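Values quoted throughout were computed directly from the atomic coordinates according to the rules given, and no laboratory measurement underlies them. Keep in mind that this is a model prediction, so the values were computed, not measured.
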Amino acid sequence: MFEFDQYLGFLAFLTILTIGFWLMIFLLTFVIPYWLFGSAMEAYKEWRAARAAKRNE
């Protein structure tokens with residue numbers, strides 16, 4: 001069947017695959033929406049400040 005070093009290689013492969021899977025889930029469900037929402041809020045604040053500055057001229 002498998003020798004011990006092949007078994008360790010297979011476990012290392014499964015570990016890396018699992019870490020990559022959960023990292024992708026984390027990025028898609030938390031980091032990217034957080035980044036998009038934050039950048040949208042920052043753009044809105046800048047737009048609102050520019051509009052207020054234009055109104056006060």
**Message:** Quick check: the angle from helix 32-55's long axis to the longest principal axis of the chain, C-alpha only, nearest 10 degrees?
**Reply:** 10
**Asked** Assuming a viscosity of 1.002 mPa s and a temperature of 20 °C, what translational diffusion coefficient in µm² per second does Stokes-Einstein assign to the chain, Rh being the Kirkwood radius over Cα pairs?
**Response** 140
